[in-house]
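Below is one structure, written out as structure tokens; comments come after it.
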Amino acid sequence: MVMAVPWVCIGPNVPLWILRAQIVGVLDPEEAYPRRRIDAIDFVVDGFVVSGARLRGVGAAVREGRIGVRVGSTGPHFGAAYSRGPNRHFTFGAYDFQPNDGWRSVVVHEAVHASFDLANERPPNEIDEAAAYLGETVWFRAGGLARSVTAPAAAAAIYGAANEIVARLNLHASRGQRLLRSQVQELIAAINAHPGYSPSQPP
Ligand SMILES: [Zn+2]
């Protein structure tokens with residue numbers, strides 16, 4: 001996803017253990033406030049479960065080294081990426097010394113992808129992305145904070161659609177909802193219109 005926050009790049013020898021600890025701190029925190037934000041994530045999209053329990057599991061996998069962390073190229077469109085498979089890992093476009101909620105929401109987004117991978121689930125691309133954008137949006141709203149996103153139009157359309165769905169369904173406050181594909185179709189359309197995502201072929 002596209003980040004509006006400034007990155008601080010310190011070159012190739014980044015302290016990855018710090019980065020790992022920062023990720024774990026987002027996904028599997030001990031303090032009540034960040035825990036409440038993660039636990040607010042609790043919904044199903046098109047049959048795929050997105051939950052705080054799963055995200056804490058991703059945090060544990062990062063802590064234990066079962067999911068790697070790298071800093072490197074993530075392409076022209078996004079500031080972070082998740083790679084599936086035996087060498088599963090997060091990649092960040094740069095290392096941020098002072099993470100803010102924009103950075104943390106990126107971690108939540110990529111962790112939703114990782115949670116499907118750990119569960120051996122392969123949702124279609126647009127459902128995978130819709131779940132990730134809804135997850136990060138729920139996380140933001142559950143923190144009680146206003147979010148302002150400065151992003152190119154195609155990315156802004158995705159955030160707008162995700163925000164609209166979360167607000168309409170009260171998804172950050174009413175847990176356990178099962179969303180049909182038809183309930184997230186505007187979000188899917190915005191994702192498929194973004195140049196960074198290749199739409200799945202229709203069945
Ligand atoms: Zn994504």
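What follows draws every value from the coordinates through simple rules; no lab data is involved. Keep in mind it's a predicted model, so treat the numbers as computed, not measured. Quick reminder, even Gly has a Cβ in these numbers, built from the backbone with ideal geometry, and neighbours come from all protein chains shown.
Overview of results
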quantity: Shape call, the chain: gyration tensor on alpha carbons, a/c limit 1.5; calculated: rounded
quantity: Dipole in debye (nearest 20) - the chain, about Cα centre, beta carbon charges: Lys, Arg +1; Asp, Glu -1; calculated: 260
quantity: Relative exposure of Ser105, Ser148, judged by other C-beta atoms within 10 Å (fewest first); calculated: Ser148, Ser105
quantity: Sum of -39500 (n - 2.57) over DSSP H runs of 4+, divided by residues of the chain (222 nm, nearest 500); calculated: -14500 deg cm²/dmol
quantity: With Cα atoms, 0 to 90° folded angle of helix 153-169 axis to the chain main axis; calculated: 60
quantity: Neighbour count of at most 16 Cβ within 10 Å plus DSSP loop: longest GluC sites (Glu not before Pro)-free window in the chain; calculated: 122-203
quantity: Under the Karplus curve 6.51 cos²θ - 1.76 cosθ + 1.60, θ = phi - 60°, whole-Hz ³J(HN,Hα) for segment 95-108, x wherever Gly or Pro sits; calculated: 9, 9, 5, 10, x, 10, 5, x, 5, 5, 5, 5, 4, 4
quantity: Ranked list, fewest to most other Cβ atoms within 10 Å of each Cβ, for Phe78, Phe140; calculated: Phe78, Phe140
quantity: Angle between the chain longest axis and helix 125-142 axis [Cα atoms, degrees, rounded to 10]; calculated: 80
quantity: Segment 48-203, relative contact order in percent, only Cα pairs under 8 angstrom and at least six apart counted; calculated: 19
quantity: Order of Ser182, Ser51 - criterion: other Cβ atoms within 10 Å of each residue's Cβ, fewest first; calculated: Ser182, Ser51
quantity: Calculated FRET efficiency for the pair Arg36/Arg88, C-beta based, R₀ 30 Å, to 0.05; calculated: 0.60
quantity: Computed label-point distance, nm, for sites Arg147 and Asn100 using a 7 Å Cα→Cβ extension; calculated: 1.5
quantity: Linear extension gain, Ala119 paired with Ser182, 0.36 nm per residue minus alpha-carbon span; calculated: 20.3 nm
quantity: Lys/Arg +1, Asp/Glu -1 at C-beta; the chain dipole; positive extreme among Ser105, Thr74, Ser148; calculated: Ser105
